[in-house]
Amino acid sequence: MALAKDYNSVMGRSAEIMRESLGLDFNDFESGSVAFDYEGLMKATGYTIDDVDKIQSKTGVGHTQLLELRNITKLARKYAKPGYGARILVKDEAANASGSFKDRRAACAVAHAKKLGYKGVIAATSGNYGAAVASQAAMQGMKCIIVQECYDSHGVGQPEIVEKARKCEALGAEVIQLTVGPELFYEHLSVMEDSGYFNASLYSPFGIAGVETLGYEIAMDCRELYGKDPEMVVCTQAGGGMVTGTARGLIKAGATDTTVVAASIDLTGLHMASDEQFNKKSCTTGHTGFGVPHATNPDTGDVPRSAARPLRYMDRYVTTTQGEVMYMTEMLANLEGLERGPAGNTALAAAFSLAQELPEDAILVVTETEYTGAGKHIQPQLDFARDNGIEIKFGDPSEDVPGKNIVLPANPGLFKVKDMDLNHLRKSLIKRSVPRANGKKLTAEDIEFLVADTRSDEAFVKSVLDELGVEY
Amino acid sequence: MVKKDTWVRIHSVILKAEERTAKLPEDTKHVDFEMWVKGSLKEDAEIGDEVTVITATGREEKGTLIEANPYYTHSYGKFVPEIIEIDKQLREIMQFGGEN
């Protein structure tokens, strides 16, 4: 008998569909309450960092160059106090097979799908991940479907996302394009169920294990080139995979003193599921609209439990602005001869400010660059913004109002990150985790889990629970 | 007429506005949840007809035929003068090629 494919029927089968499409039963790691065995889930991939490195090396992924940005460092030092301004380095992840660090995530997931005998892979993404999955699927001889949120209700697409659709198709994938809304998950599940393809989720343990090599390589490269670990690593924060994977890789390399900073473009005030505001954004990823919810409520994606848990790993979470990222993209091209995509320069824009807090002998590594092309470039993105009524001007980026203007720094001395209150984010995560206890008292295991999930301590977690009136 | 086997783009409404039950902002509640897919046309048809296509992965998908031989038009955008200002400023500060 044919299964009912209406919204409620498919959503009702989501647990079953996800289990079939991942070849992994997340129930094996559940405690029945707030806690789950995160490290157990990560180990269940069965891949060591060496295994992942071998998989990636076969498919043109990883071991990208770590480039010292000498002119940008020199420029940052002009605005720092004497003796300050760390060396800024960047991992040129645009050199991966499909042009971004997302290849690391896709390589592992697609290789695993192949090993388990799936005929194809499917991923829900409007970002570089689609091209990464499509590229890996092509290399492994598998079919590929990418589900994208792409258009508003007038059929107007973000140029950056349209380019990503083109690239996925160029790499042989089928692209399903949708209008704005969380019902993307319904379509995703429905196609997953009908096709029987592997769910190459961004948030699966296979995906995150794939990013660990990035952190590991950064530590090894710095030791070889500079004789020490980096003082600071800056990662763009959207879904949380880069922060999680990079930090785990650094830890695996023994670089435990490195400060891990997450950076997002501040898009406060724009609703991510709003049809009208969809095209008021001038960057479609690397922003707080993904970064904050994925930090405070990681388990909302297309897997029952997310392997990307950024609050476990970040020492700081800073924001930058669309104007700073656009200016930085031009700076990277003009001063370093590297023309790369804007969204991938989010962490670099933050790093320009953060480097000025560190002494000159410190090493600051930015984890990525991404490919650029038509649509996915500062000019079409700024032009699109202007066409959508966004004011573009030079000024102080602190005057930036997302959805209203893009303030390009009037001079490079005006780049300035803002620190988010991590305790506020931690509280939010705890609050969102509590319902999993179903009204029961939280166990000692739950408390221990929340301490790890928020990178805090028992006293902090208990004080938040007291504030919320939750028993433990 | 669009001939059978032509590569086309189709459109469909997955959920009408009134069928959308997810937690949505007001503006999104009032619009349909729509989809666009490409594939080879199964039978001869006219633009605007309800058709079936075979997608790149071999799936069958139904929808309204909206475009034959679809192509991309995204570009490097129209001129944005601020970009030239950034370039000039950076070159001045860094004095590339020595002082002018």
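What follows is calculated from the coordinates using simple rules that are stated; it is not laboratory data. Keep in mind that this is a model prediction, so the values were computed, not measured. Heads up, the Cβs are rebuilt from the backbone with ideal geometry, glycines too, and the neighbour counts pull from every protein chain shown.
Just counting partner chain Cβ atoms within 10 Å, what average do the residues of peptide A:323-336 show around their Cβ?
The shielding value for this peptide is 3.
Enter the mean number of other protein chain beta carbons within 10 Å of the beta carbon of each residue in B:87-94, as an integer.
Values: counts 5, 1, 10, 11, 2, 0, 7, 9.
Mean number of neighbouring Cβ atoms from other chains: 6.
Got a sec? Charge dipole of segment B:1-50, +1 on Cβ for Lys and Arg, -1 for Asp and Glu; which of B:Ala17, B:Trp36, B:Val2 is way out at the positive end?
Of B:Ala17, B:Trp36, B:Val2, it is B:Trp36.
In whole Å, what are the extents of segment B:9-66 along the principal axes defined by its C-alpha atoms, from largest to smallest?
40, 24, 13
Rounded, prolate or oblate: pick one for segment B:59-100, where a ≥ b ≥ c are the square roots of the eigenvalues of its C-alpha gyration tensor, a/c under 1.5 means rounded, and failing that, prolate if a/b is larger than b/c, else oblate. Could the numbers behind the result be given before it?
Details: a/c = 6.01, a/b = 4.53, b/c = 1.33.
In terms of gyration-tensor shape, prolate.
I need A:Asp419, B:Asp32 ordered by Cβ neighbour count within 10 Å, fewest first.
Least to most surrounded, the residues fall as A:Asp419, B:Asp32.
³J(HN,Hα) across segment A:238-243 via Karplus (A = 6.51, B = -1.76, C = 1.60, θ = phi - 60°), whole Hz, x for Gly/Pro?
10, x, x, x, 5, 4
Using the Karplus curve 6.51 cos²θ - 1.76 cosθ + 1.60 with θ = phi - 60°, work out ³J(HN,Hα) for each residue of segment A:398-409 in order, rounded to whole Hz, and write x for Gly and Pro.
5, 8, 5, 10, x, x, 10, 9, 10, 9, 6, x
Give the distance, in whole Å, between the Cα centre of segment B:62-76 and the Cα centre of segment A:412-456.
44 Å
Can you put B:Asp27, A:Asp387 in order of Cβ neighbours within 10 angstrom, beginning with the fewest?
A:Asp387, B:Asp27
So what is Rg over Rh here for segment A:39-165, counting just Cα atoms and using Kirkwood for Rh?
With Rh from the inverse mean 1/r over Cα pairs, Rg/Rh is 1.11.
If neighbour count is taken as other Cβ atoms inside 10 Å, put A:Val461, A:Val110 in order from fewest to most.
Arranged by neighbour count, lowest to highest, A:Val461, A:Val110 become A:Val461, A:Val110.
Around A:Lys143, which amide H atoms from residues at least 5 apart in sequence, or from another chain, sit under 5 Å from its own amide H, with H modelled in the peptide plane?
A:Gly120, A:Val121
Over 28 Å apart: what share of the alpha carbon pairs of segment A:320-472 falls there, rounded to a whole percent?
Tail of the P(r) past 28 Å holds 44 percent of the pairs.
Would you work out if segment A:188-337 is rounded, prolate or oblate? Take a ≥ b ≥ c from the square roots of the eigenvalues of the alpha-carbon gyration tensor; rounded if a/c is under 1.5, else prolate when a/b is larger than b/c, oblate otherwise.
Oblate, because a/c is 1.5 or more while a/b does not exceed b/c.
Relative to the Cα centre, what is the charge dipole magnitude of the protein assembly as shown, using +1 at the beta carbon of each Lys and Arg, -1 at the beta carbon of each Asp and Glu, and rounding to the nearest 20 debye?
680 debye
Summarise the long-distance tail of P(r) for segment A:108-233 by giving the % of C-alpha pairs beyond 20 Å.
For segment A:108-233, the share of Cα pairs beyond 20 Å comes to 50 percent.
Wrap a convex hull around the Cα atoms of chain B, take a quarter of its surface area, and give that in square nanometres.
That works out to 12.5 nm², a quarter of the Cα hull's surface.
For segment B:7-72, what is the relative contact order in percent, using Cα pairs closer than 8 Å and at least 6 residues apart in sequence?
Dividing the mean separation by the residue count of segment B:7-72 yields 40 percent.
What is segment A:61-165's relative contact order, in percent, from Cα pairs under 8 angstrom and six or more apart in sequence?
22 percent
FRET efficiency for B:Tyr71 and B:His30, Cβ-Cβ distance as r, R0 = 35 Å, nearest 0.05?
0.65
May I ask what percent, to the nearest 5, of DSSP beta bridges between residues of the protein assembly as shown are antiparallel?
Values: 31 of 67 bridges.
Rounded to the nearest five, the antiparallel share is 45 percent.
Is there a simple number for the mean count of other chain Cβ atoms within 10 Å of the Cβ of residues in A:171-180, and what is it?
Across A:171-180, the average partner-chain Cβ count within 10 Å equals 6.
If I take every Cα pair under 8 Å that is 6 or more residues apart in chain A, average their sequence separation and divide by the length, what percent do I get for the relative contact order?
19 percent
Put +1 on the Cβ of every Lys and Arg and -1 on every Asp and Glu Cβ in the protein assembly as shown; which of B:Ile66, A:Ala333, A:Gln322 then has its Cα farthest towards the positive end of the dipole?
Among B:Ile66, A:Ala333, A:Gln322, the one farthest towards the positive end of the dipole of the protein assembly as shown is A:Ala333.
Over the Cα atoms of segment A:422-468, compute the convex hull volume and normalise it per residue, giving Å³. Please list the in-between numbers first.
On the way: hull volume 3.1 nm³, N = 47.
Here the figure is 65 Å³ per residue.
Based on alpha-carbon positions alone, could you give the equivalent ellipsoid semi-axes of the protein assembly as shown from the gyration tensor, as √(5λ), descending, whole Å?
After diagonalising the Cα gyration tensor, the semi-axes are 36, 31, 23 Å.
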